[in-house]
Amino acid sequence: STLTSSAVRRMFIEFFKERHGHKVVASAPVRPRGDKSLLFVNAGMNQFKPILLGTVDPRSEMAQYRRVVNSQKCVRAGGKHNDLEDVGHDVYHHTFFEMLGNWSFGDYFKEEACAMAWQLLTGVYGLPRDRLYVSYFGGDQMLGLEADEETREIWLSIGVQPNHILPFGMKDNFWEMGEIGPCGPCTEIHYDHVGGRDVPHLVNKGSPDVVEIWNLVFMQYSRAADGSLHALPQHSVDTGMGLERLVAVLQHKRSNYDTDLFAPLFSAIQQHFRCPEYRGQTGVADRLKVDMAYRVIADHIRTLSVCIADGVYPGKSGAELVLRQILRRAVRFSAEVLQSTPGSLSKLVPTVAHILIMYIIDDNEAQFLSSLKQGRRVIDRTLQNMNGSTIFPGSVAWSVHCHLGFPLDLIKLMVEEKGVTMDTETLDRLALENEKVKTQTQESEQDGCINLDPNVLRELQGCGIAYTSDLPKYQYSL
Ligand code: ATP
Ligand code: MG
Ligand code: MG
Ligand code: MG
């Protein structure tokens, strides 16, 4: 059995959160906020740029970040990182993709970053070492930048074979967000889809056999408008791994389009367009145009859906214009190559939503369903034992809220359905006391509550839940 894409994503986040103490930060929208140097968010680090540059407001929550993990929606069309031309021709460049990343802001540096990446890929995901190649920055004489021998040594000490460690120049191993901004040498991890032989000569050569999967950037500089490099106030680590590429590797597919992130879209195309089926070939011959059209349309409909949901509409300038070009390319491939009828393109949107949004709802539902059952049991037992009273004890409601993640409104509703009123006075007092404790201890991340009802705890233990502080947070947070 292979991992689903949502399991792959979840394992990445959990690895850095649980094993290495990273804070989980949500994806920013694809429209950059307050950054005129970008058309679209093109990497996970975009939202953290002020931390890297040392310009973050010290009172903001972001200023506290030391270790962060996230999965960021990225669009690479227009601007410095523009992959629009590649889409459809190859099987691993998309205009929209998700970038999994971990960060250290003035915390750990090269050694730990490489060790964690290696541990995740080989230990957690179980990738064979002989399929992996790593690259490092080989220096640039003209710019007076030295080779990053330190990183080479680190990979050697981790146990990577010397002929799987390769130096490259500015183009591949010096990462820059845009024309200006944070940048630095990087080390990348590549995966050999074929195996059985050593192929260092295929790394970074555009071969579909050996594909770059993860980039670990050591942020040390900022590039100014005149092109000069300046040292940053602190050393940071910024990594990015393409989810679609990683999923292809873990689902043993040679093409990102054959994974569960795209396959349902291909079925939807065939169903709605009534066109020949996808055969998964790349090339230029006539028949292959159909395959190319599938890839372009699937890619572009994802980008269109995500951008529109984030408030970027097809239009006449900037990111809007780029989106319009993407839409028109999709229309052209649909109408001319797959001979679709008008209105077919938008029929694919529910499938995009299915792949990119429904898993979030399903995951959350799964997390709450068992709590719902337990909470129902606690509420019903309490109602049975009220000895004729018509006021539901606030302390029980409070504990169900804290311990099982029930919204307070929902408990009130469930109680009132049984013709009983809530002791809101007690409930409000408990909530207020809890608020006070939280502000005093300044633990914004603390979801735990005080004043839990011992009877409820006993009840929960009866259901097989032990009350320990290491229960998953969602079980007792809103
Ligand atoms: P490539 O050399 O393949 O174009 P890159 O060096 O431009 O990739 P980075 O800027 O290093 O990519 O981004 C980090 C990671 O994001 C890559 O290692 C890759 O896994 C993923 N990635 C980059 N561009 C794309 C894309 N257009 N579609 C899908 N994944 C991508
Ligand atoms: Mg690229
Ligand atoms: Mg590259
Ligand atoms: Mg790269």
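The values are calculated or read from the model by the stated rules, or taken from the named source; none is laboratory data. From a predicted model like this one, the values you see are computed outputs, not experimental measurements. Cβ coordinates were reconstructed from backbone atoms using ideal geometry, including for glycine residues, and neighbour counts include every protein chain displayed.
Okay, here's what the table says:
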item: Subset of the range 180-238 [among the charged types (D, E, K, R) and surrounded by fewer than 20 Cβ atoms within 10 Å (Cβ to Cβ)]; result: Arg197, Asp198, Lys205, Asp209, Glu212, Arg223, Asp226
item: One residue from Ser346, Ser267, Ser236, Ser340 being outside the structural domain of Met45 (by TED's automatic domain parsing) and within 25 Å of Arg31 (Cα to Cα); result: Ser346
item: Count of the range 34-80 residues which are closer than 18 Å to His300 by Cα, part of a loop (DSSP other than H, G, I, E, B) and in contact (Cβ under 8 Å) with a residue 60 or more places away in the chain; result: 6
item: Of all residues in the range 166-179 being more than 13 Å from ligand 3 (Cβ to nearest atom) and crowded, with 18+ Cβ neighbours inside 10 Å, the one that is nearest to the chain's Cα centre (by Cα); result: Met177
item: Members of the range 108-150 that are under 19 Å from Leu3 (Cα atoms) and small (Gly, Ala, Ser); result: Ala117, Gly123, Gly126
item: Test: residue in the range 96-105 that is touching an Asp or Glu at 6+ places or on another chain (Cβ under 7 Å) and more than 30 Å from Met62 (Cβ to Cβ); result: no
item: Some residue of the range 140-158 being in contact with a helix residue (DSSP H, G or I) (Cβ under 8 Å, 6 or more places away or on another chain), under 22 Å from Val24 (Cα atoms) and loosely packed, with under 15 Cβ neighbours inside 10 Å; result: no
item: Residues of the range 89-113 classified as outside any loop (DSSP other than H, G, I, E, B), away from ligand 3 (no atom under 16 Å from the Cβ) and among the charged types (D, E, K, R), total; result: 4
item: Qualifying position, being within 16 Å of ligand 3 (Cβ to nearest atom) and over 16 Å from the mean Cα position of the chain (by Cα), among Asp35, Asp86; result: Asp86
item: Matching residues, the range 219-236, being assigned to a loop (DSSP other than H, G, I, E, B) and either in contact with a strand residue (DSSP E or B) (Cβ under 8 Å, 6 or more places away or on another chain) or within 16 Å of ligand 4 (Cβ to nearest atom) (or both); result: Ala224
item: Members of the range 161-184 that are within 16 Å of ligand 4 (Cβ to nearest atom) and without any contact (Cβ under 8 Å) to a residue 24 or more places away in the chain; result: Lys171
item: Tyr191, sole failed condition from (1) within 16 Å of ligand 3 (Cβ to nearest atom); (2) aromatic (Phe, Trp, Tyr); (3) without any contact (Cβ under 8 Å) to a residue 60 or more places away in the chain; result: (3)
item: Exclusive hit being among the acidic types (Asp, Glu), within 16 Å of ligand 2 (Cβ to nearest atom) and under 30 Å from Lys110 (Cα atoms), set Asp226, Asp238; result: Asp238
item: Test for Glu111: is it modelled with pLDDT of 95 or more, among the acidic types (Asp, Glu) and crowded, with 18+ Cβ neighbours inside 10 Å; result: no
item: Hits in the range 186-218 - residues which are among the small types (Gly, Ala, Ser) and either touching a His at 6+ places or on another chain (Cβ under 6 Å) or away from ligand 4 (no atom under 16 Å from the Cβ) (or both); result: Gly195, Gly196
item: Exclusive hit being within 33 Å of the chain's Cα centre (by Cα), modelled with pLDDT of 75 or more and not aliphatic (A, V, I, L, M), set Glu435, Glu425; result: Glu435
item: When residues of the range 114-139 are limited to those that are part of a strand (DSSP E or B) and not hydroxyl-bearing (Ser, Thr, Tyr), the one surrounded by the most Cβ atoms within 10 Å (Cβ to Cβ); result: Phe137
